[in-house]
1. Please state the relative contact order of the chain as a whole percent: Cα pairs under 8 Å, 6+ residues apart?
2. Counting only the backbone N, which residues of region 350-374 are under 13 Å from the spot 7 Å out from the Cα of residue 341 toward its beta-carbon?
3. Rounded if a/c is under 1.5, else prolate if a/b beats b/c, else oblate: with a ≥ b ≥ c from the C-alpha gyration tensor eigenvalues square-rooted, which is region 1-140?
4. By the gyration tensor of its Cα atoms, with a ≥ b ≥ c the square roots of the eigenvalues, what is the shape of region 187-318: rounded for a/c under 1.5, prolate for a/b over b/c, or oblate?
5. What span do the alpha-carbon atoms of the chain cover on each of the three principal axes, reported in whole Å from largest to smallest?
6. Quick one: go through region 122-147 and flag any residue whose amide nitrogen is under 14 Å from the point 7 Å out along the Cα-to-Cβ line of residue 254.
7. With angles folded into 0 to 90 degrees, how steeply does helix 486-504 sit against the dominant principal axis of the chain? Use alpha carbons for both and round to 10.
8. In whole Å, what is the distance between the alpha-carbon centres of region 125-140 and region 438-506?
């Protein structure tokens, strides 16, 4: 049950007479209703209100069913219209029988006669509160002031916007209202707060602006026709007290519910990040002493890259890096200069792993990518995937690559927000534009493992710019990457795939 459902349940009990016990000493609602009708008749005689053309009169028949007589129309049974049962001491009544009703003034910028006064609109009216810091002004005539002014205790309801949203004007200062607000002022003493809670229930249960027995709009006629349960006055007050007593517990329930919802949304991604962190630190799968050490793998990678350089297939790195351990510390030889890099090492790794710069371990193929404009792509058949910084963004009728390669977003907000994986494997035949780095590897270094690592780390230190974040080749090549033995890379990727498939179904 959600917090809103709990609120609705409490209010549903309240309006059905199930939240507080009935007191046989209470004056029945029928007597209260007669007083209200007499007060209306007196106001009509005094000329303060107009006589209704078709007043509603609802009562229980001998068969205990509700009947209604509207004006001079015939008596009709309204059992089908009554949404629920109420206690014997209660009565059903149309809202128009309880409240004197007015709407506010329509905005008219050309009218500049009368007094310039502040007013509220539906944008100031919220559930059980008002926002009155920045009120607008409009001219009101004396007649309009009388018709369009809300005083303390008036019940105000939105006609448009969030239909049925309501609050009680609780300020000592009067306020004018615009025409999209209904002003309800009780003819006789009733507990207006009780009717606020009914409106809240009717709105959130879909009975106002909803389907079925609900009404889609809230015109004056629609408002007057709303069917409300009328308890004895003392019971109305007891109901309001009980609702207020339960409110702190409902609020706490909603807070816990929201916290759980947030956890449910965030937990899978948090779990994935935690798993990736464990994986790249050598804590996800066990080490196998029979695996060939990563240091041997790294030497093979260097030899393979040297061969490709000699064949003219790739260019030599401008800054060749060699990282090694000595005296229980990490050192790097860069451009012939040795320095200790212990302060750069983010975490400890197993003995048979090694650290290397991204540019040392990987083969960059950015020179082979080609951007195509939107206009160019519109003319092409949609056959092969066209990749950008965050994945496939289109299809084209030609391809640049036909082997699996690692793509890493070069620019875009995702470098910092990481709302989706920044590193991913492209397969099949495909095209890549200039917004994704194209990365290859030598035998023994799995692209899938490198993707795992890049997706696990914070890339902010390697990103330039905030309005248009970018990770250029030089910055990317400087990333420190922990390299496990080839066999362990396979086991890590396999374990992650197994776990992520479970997480996806959570």
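Quick note: the coordinates plus some simple rules give every number you see, no bench work behind them. Just so we're clear, the structure is a prediction, and the values are computed from it rather than from any experiment. Using ideal geometry, Cβ is built from the backbone for each residue, glycine included, and neighbour counts are taken over all protein chains shown.
1. Relative CO of the chain lands at 13 percent.
2. Those under the cut-off are 354-362.
3. Oblate shape, in that a/c is at least 1.5 and b/c is the bigger or equal ratio.
4. Prolate shape, in that a/c is at least 1.5 and a/b is the bigger ratio.
5. 108, 56, 46
6. So the set is 126-129.
7. Here the helix axis deviates by roughly 10 degrees.
8. 54
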